[in-house]
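Notes follow the structure.
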Ligand SMILES: [Zn+2]
Ligand SMILES: [Zn+2]
């Protein structure tokens, strides 16, 4: 998503052409183009009239609901019923009384149909169980200092050493789990559920020959997303400690079926791709005046190539777990298609720019450029 293209990203330039071909299977209305100043962007391949559906993402590659809403939001379609618990649930009798919640039998069945030998369900329940039993100790962590990418790489090298010293016996491996404190509870929990979904879909695409083409395309697009691990960790060093804990959890407690993908390189990139590419799941969608509750996030890789604009020409709408993008104005051929990344666009230039910094870029959309000029801000 609209990220300034600089040395943060390790793109393999020689794969560039192939990548662009794949990205151009996303929609008949636009192609993904590498721009000079705005990273990749989506540009209209023809004139598009107002109210045209230019992209429909049937369902996320992975999604995760925050802990406080795990019973109140449907695991499949994100339906929310004013705080009432969802009535349908799936559990695993051998793993105690932990469940995954759904709004209807239809959603529960869809989840089961997508699962394979209950591997995904069981993994989600392992996470539930672990975080339900977590002790609430306030084990203060020492704040680490990170000044360069190298510091981050070195921390991960230590993790590889930790990994090479892990005992083979499962019961003994448990002793090597890092300590999780109450502070980790939410962030680590949501991130683990997100990773579980990603690993599960990748695993499934490897073992099942006939699978939904839609998911395969999303997996291919997922590989093409850019990771924001370095920039985010340099800004918030405590995140690196969390990511390392997450990795250790995945290594020790995620199922054997996923382990062929569990190495520091892959997990770092999977986490880094979520940062800045995920779409928040909100109780009410864009433009609504009602108070919005944050339920969690989902990743729809094919929708991650839109840049942000403070005067967007696309509108995003969530219908259940389907995400659609519609034009809100007529668009000329070769014009860029942009969305709002989710900020209040009524704010003035400085307010907008500072909130957009969270997405790792200085907005240089047409509106910001115009207002910069008007305000006499010269860069
Ligand atoms: Zn549902
Ligand atoms: Zn802007």
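Read the figures in this text as sums done on the coordinates, not as results from a lab. In this text, all values refer to a predicted model and were calculated from it rather than measured experimentally. Every residue, glycine as well, gets a Cβ built from its backbone with ideal geometry; the counts of neighbours run over all protein chains shown.
Subtract the Cα-Cα distance of residue 329 and residue 185 from 0.36 nm times their separation in residues, and report this length gain in nm to one decimal.
Details: separation 144, 0.36 × 144 = 51.84 nm, distance 4.31 nm.
Result: 47.5 nm gained on full extension.
Go ahead and estimate [θ] at 222 nm for the chain from helices alone: -39,500 (n - 2.57) per DSSP H run with n ≥ 4, summed, over the residue count, rounded to 500.
Working: 12 runs with 140 residues, N = 379.
For the chain, the value works out to -11500 deg cm²/dmol.
Compute the long axis of helix 119-132 from its Cα atoms, compare it with the longest principal axis of the Cα atoms of the chain, and write down the angle in degrees, 0 to 90, nearest 10. Around 80 degrees separate the two axes.
Spherically averaged projected area of the convex hull of Cα atoms, the range 36-150: 14.5 nm². Select from 184, 115, 348 the residue whose mean-square fluctuation is largest in a Gaussian network model of the chain (Cα-Cα springs shorter than 10 Å). Result for the chain, Cα springs under 10 Å: 348 fluctuates most. Applying 1/(1 + (r/R0)^6) with R0 = 35 Å to the Cβ-Cβ distance of residue 283 and residue 220 gives a FRET efficiency near 0.65.
Assuming 0.36 nm per residue, please report the length gained on full extension of the stretch residue 113 to residue 291 beyond their Cα-Cα distance.
Values: separation 178, 0.36 × 178 = 64.08 nm, distance 3.41 nm.
Full extension from residue 113 to residue 291 adds 60.7 nm.
If you take the Cα centroid of the range 220-240 and the Cα centroid of the range 277-355, the two points sit 20 Å apart. Taking the fewest neighbouring Cβ atoms within 10 Å as the starting point, the ordered list for 176, 308 is 176, 308.
Calculated translational diffusion coefficient of the chain (37 °C, 0.692 mPa s; Stokes-Einstein with Kirkwood radius over alpha-carbon pairs) equals 148 µm²/s.
What's the exposure ranking of 231, 269, going from fewest to most Cβ atoms within 10 Å? Intermediate results must be reported in sequence, preceding the final value.
Details: 231 20, 269 17.
The fewest-first ordering by Cβ neighbours comes to 269, 231.
The mean sequence distance of close C-alpha pairs (under 8 Å, at least 6 residues apart), as a share of the length of the chain, puts its relative contact order at 27 percent.
Between residue 58 and residue 147, the simple spin-label model (points 7 angstrom out along Cα→Cβ) gives 5.2 nm. Annotation: the residues 162, 282, sorted from fewest to most other C-beta atoms within 10 Å of their own C-beta, follow the order 162, 282. Which residue, 44, 270, 132, tops the fluctuation ranking in a GNM of the chain built on C-alpha contacts under 10 Å? For the chain, modelled as a Gaussian network with Cα springs under 10 Å, the answer is 132. Length gained on full extension, residue 94 to residue 208, computed as 0.36 nm times the residue gap minus the Cα-Cα distance: 38.4 nm. Largest GNM mean-square fluctuation across 64, 147, 45, computed for the chain with C-alpha springs under 10 Å, falls on 147.
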